[in-house]
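> My questions all concern the structure below.
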Amino acid sequence: MKDEGLIRAVGVRGLGAGIVNYTIGAGIFVLPALVAAKVGAAAPIVYIICAIAMGLIVACFADAGSRVSLSGGTYAYAEVAFGKYVGFMVAVSLWISMILSSAAVAIIFVDSLGQIVPALQSPVARNAIIIALYVALVLINVRGVKIGSGVVQTVTLGKLIPIFILLAVGAFAINPSNLTWPGMPSAGETARATVILIFAFMGVESALTPSGEVKDPARTVPRAIFLALVLTTLIYIALQVVAQGILGAELATNTKAPLAEAARRVLGRGGETLVLLGAAISTLGYVAGDMLAAPRMPYALARDGLLPKFLSSVHERYRTPHVAIIAHAFLCALLAVTGTFASLAVLVVLLTLLVYLACCLAAIQLQRRDVRVEGAVPFRLRGGPIIPILASTIIIWLMSSSTRQEFVSLGEMLIAATVVFFLMRLAKPAVAPAST
């Protein structure tokens with residue numbers, strides 16, 4: 001597989017910035033409370049454990065990404081390593097996780113608006129806003145990718161400004177007694193909290209999608225992902241410490257807008273509104289970005305004969321994959337109306353962990369076959385398969401903390417995807433190669 005005609009123009013700073021932008025998203029406005037509810041003031045240790053786990057996982061991304069430079073990221077790694085079925089399952093898992101992520105973030109959006117305007121907290125108002133949001137984004141994105149991209153760029157900085165203001169001012173309002181560490185949480189509590197927290201670290205797999213346009217991927221990919229991981233970890237720990245130091249035990253009970261409450265304590269109503277607006281802008285930006293990028297996954301799979309053909313329809317006037325856009329928006333809105341952030345976030349993480357597991361195993365296979373980019377020397381993990389095996393073990397440990405119902409839901413999704421894959425193979429035996 002080759003990426004014909006793509007220009008390799010993305011360097012370490014560009015790719016690293018892209019990963020940070022994908023990673024620091026709307027989830028961080030809510031996750032400090034959910035993590036504190038599991039482990040209290042010991043939360044920073046969970047961030048460190050999560051960062052170590054993600055460090056091992058992204059090392060596998062670095063290895064695979066330096067060997068397979070095709071656009072598609074994990075989809076491409078899995079397909080090159082294991083063939084079309086595994087590549088398809090990874091692609092579908094990514095798409096489903098995008099649907100769940102968008103729905104979860106849309107819930108934060110309406111909750112943030114509800115905190116600003118209490119009248120919007122009623123179920124009818126919340127659902128109406130969710131539906132209106134997705135209808136508006138469908139209309140924008142069907143009319144053209146340029147308009148959709150403009151919306152994403154307009155709201156990008158909105159999520160960072162309130163965070164840095166809160167960190168700068170909140171650092172001077174910390175009550176040291178609120179940071180008293182109660183002791184090491186149990187292995188089960190740590191695993192569950194880490195699973196929740198990984199939602200905040202997700203983004204590497206999305207940001208690596210344009211790997212076909214990265215300069216010197218054997219050097220750029222590993223440097224960019226490790227730089228981004230360090231930066232995001234430092235920002236996340238700082239936010240958790242500031243929120244815990246200001247709110248204390250109350251942090252665990254404020255699951256809708258914990259950072260906004262911390263800002264209210266140190267900056268008054270103006271600070272609270274600023275953070276709530278930041279959360280609303282961040283969530284809007286995430287959902288808008290998802291609506292711009294995610295529908296291209298089912299469109300590409302349908303175009304390649306791996307999903308029903310109607311999903312590959314292109315609008316006659318605007319030349320956009322309008323059916324895929326509408327289908328994606330419908331599923332997102334349905335889950336946002338019927339689910340909660342915490343439940344959707346856990347399912348997102350489970351699916352993403354499966355994708356990460358596939359990437360770790362792909363790294364072993366690509367090492368074994370000595371796959372490399374046009375003869376270039378790839379990024380080599382010390383110890384050969386030891387790091388991918390260790391990362392895979394950690395992923396399985398994290399997944400083991402999930403509930404029976406969560407596993408059932410995950411299994412149903414994977415079975416449905418498998419059925420679709422083989423039905424499409426029967427309907428069209430000669431499947432075109434996946435465009436990555």
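The values are calculated or read from the model by the stated rules, or taken from the named source; none is laboratory data. These figures come from a predicted structure and were not determined experimentally. Using ideal geometry, Cβ is built from the backbone for each residue, glycine included, and neighbour counts are taken over all protein chains shown. The area values use the complete protein model at the heavy-atom level, side chains included, leaving out ligands, DNA and RNA. Shrake-Rupley method; radii C 1.70, N 1.55, O 1.52, S 1.80 Å.
> Please work out if ILE129 is farther than 17 Å from ILE24 by Cα, surrounded by fewer than 24 Cβ atoms within 10 Å (Cβ to Cβ) and at pLDDT 85 or above. Outline the logic, then answer.
Working: farther than 17 Å from ILE24 by Cα: yes; surrounded by fewer than 24 Cβ atoms within 10 Å (Cβ to Cβ): yes; at pLDDT 85 or above: yes.
The answer is yes for ILE129.
> Test of understanding: among TYR286, TYR299, which residue is open to solvent by 40 Å² or more (accessible area, probe 1.4 Å), in a helix (DSSP H, G or I) and either closer than 19 Å to TYR75 by Cα or touching a strand residue (DSSP E or B) at 6+ places or on another chain (Cβ under 7 Å) (or both)? Step through it out loud before you land on a result.
Numbers: TYR286 fails: either closer than 19 Å to TYR75 by Cα or touching a strand residue (DSSP E or B) at 6+ places or on another chain (Cβ under 7 Å) (or both).
It is TYR299.
> Within segment 371-384, identify whether any single residue is more than 17 Å from ALA91 (Cβ to Cβ), of a type outside the set (D, E, K, R) and modelled with pLDDT of 85 or more, and answer yes or no. Steps first, please.
So in segment 371-384, the residues more than 17 Å from ALA91 (Cβ to Cβ) come out as 371-384.
Now drop any that are not of a type outside the set (D, E, K, R), which leaves 371, 373, 375-379, 381, 383-384.
With the extra rule that they be modelled with pLDDT of 85 or more, the set shrinks to none.
No: zero hits.
> Further question on the same structure: Which condition number in (1) of a type outside the set (A, V, I, L, M); (2) at positive phi; (3) at pLDDT 85 or above is the one that TRP95 fails?
All conditions are met except number (2).
> Is it true that GLU250 is surrounded by 19 or more Cβ atoms within 10 Å (Cβ to Cβ), assigned to a helix (DSSP H, G or I) and modelled with pLDDT of 85 or more?
Details: surrounded by 19 or more Cβ atoms within 10 Å (Cβ to Cβ): no; assigned to a helix (DSSP H, G or I): yes; modelled with pLDDT of 85 or more: yes.
The answer is no for GLU250.
> I need a count of the residues in segment 108-126 that are at pLDDT below 90, touching a Lys or Arg at 6+ places or on another chain (Cβ under 9 Å) and among the β-branched types (Val, Ile, Thr).
Residues meeting the conditions: 1.
> Among the hydrophobic types (A, V, I, L, M, F, W, C), closer than 22 Å to GLY65 by Cα and at pLDDT below 80 - does that describe any residue in segment 428-436?
At the first step, the residues of segment 428-436 found to be among the hydrophobic types (A, V, I, L, M, F, W, C) are 430-432, 434.
Still in the running and closer than 22 Å to GLY65 by Cα: 434.
Next cut, at pLDDT below 80 only: 434.
Yes.
> Give me the residue from segment 101-120 that is under 16 Å from LEU259 (Cβ atoms) and more than 19 Å from the chain's Cα centre (by Cα) and, out of that set, surrounded by the fewest Cβ atoms within 10 Å (Cβ to Cβ).
This residue is ILE116.
> Moving to a separate point now. Just the residues that are among the aliphatic types (A, V, I, L, M), surrounded by 14 or more Cβ atoms within 10 Å (Cβ to Cβ) and within 17 Å of LYS84 (Cα to Cα), please, taken from segment 404-427. Outline the logic, then answer.
Within segment 404-427, the first condition is being among the aliphatic types (A, V, I, L, M), and the residues that meet it are 408, 410, 413-417, 419-420, 423-424, 426-427.
Right, trim to surrounded by 14 or more Cβ atoms within 10 Å (Cβ to Cβ) and you get 410, 413-414, 417, 420, 424.
Of everything in segment 404-427, those that are among the aliphatic types (A, V, I, L, M), surrounded by 14 or more Cβ atoms within 10 Å (Cβ to Cβ) and within 17 Å of LYS84 (Cα to Cα) turn out to be LEU414, ALA417, VAL420, MET424.
> In this structure, is GLY65 surrounded by 24 or more Cβ atoms within 10 Å (Cβ to Cβ) and in contact with a strand residue (DSSP E or B) (Cβ under 9 Å, 6 or more places away or on another chain)? Talk me through it step by step, then tell me what you get.
Details: surrounded by 24 or more Cβ atoms within 10 Å (Cβ to Cβ): yes; in contact with a strand residue (DSSP E or B) (Cβ under 9 Å, 6 or more places away or on another chain): yes.
Answer is yes for this residue.
> Here are some conditions: (1) touching a residue at least 40 places away in the same chain (Cβ under 8 Å); (2) open to solvent by 10 Å² or more (accessible area, probe 1.4 Å). PRO258 meets all but one. Which one does it not meet?
(2)
> So, in segment 302-314, how many residues would count as being under 18 Å from MET89 (Cβ atoms) and open to solvent by less than 30 Å² (accessible area, probe 1.4 Å)?
The total comes to 6.
> Now, a different point. Suppose we filter segment 386-400 for residues that are hydroxyl-bearing (Ser, Thr, Tyr) and either within 15 Å of THR352 (Cβ to Cβ) or crowded, with 18+ Cβ neighbours inside 10 Å (or both); how many remain?
To start, the set of residues in segment 386-400 that are hydroxyl-bearing (Ser, Thr, Tyr) comprises 392-393, 400.
Then drop every residue that is not either within 15 Å of THR352 (Cβ to Cβ) or crowded, with 18+ Cβ neighbours inside 10 Å (or both), which leaves 392.
Residues that pass the stated criteria total 1.
> Scan segment 315-334 for residues that are aliphatic (A, V, I, L, M) and open to solvent by 50 Å² or more (accessible area, probe 1.4 Å) and jot them down. Show your work before the answer.
Here is the first cut: in segment 315-334, the residues aliphatic (A, V, I, L, M) are 323-327, 329, 331, 333-334.
Hits for segment 315-334 are ILE326, LEU331, LEU334.
> Also, quick follow-up: Restricting to segment 320-360, what's the tally of residues that are more than 27 Å from PHE61 (Cβ to Cβ), part of a helix (DSSP H, G or I) and among the β-branched types (Val, Ile, Thr)?
5
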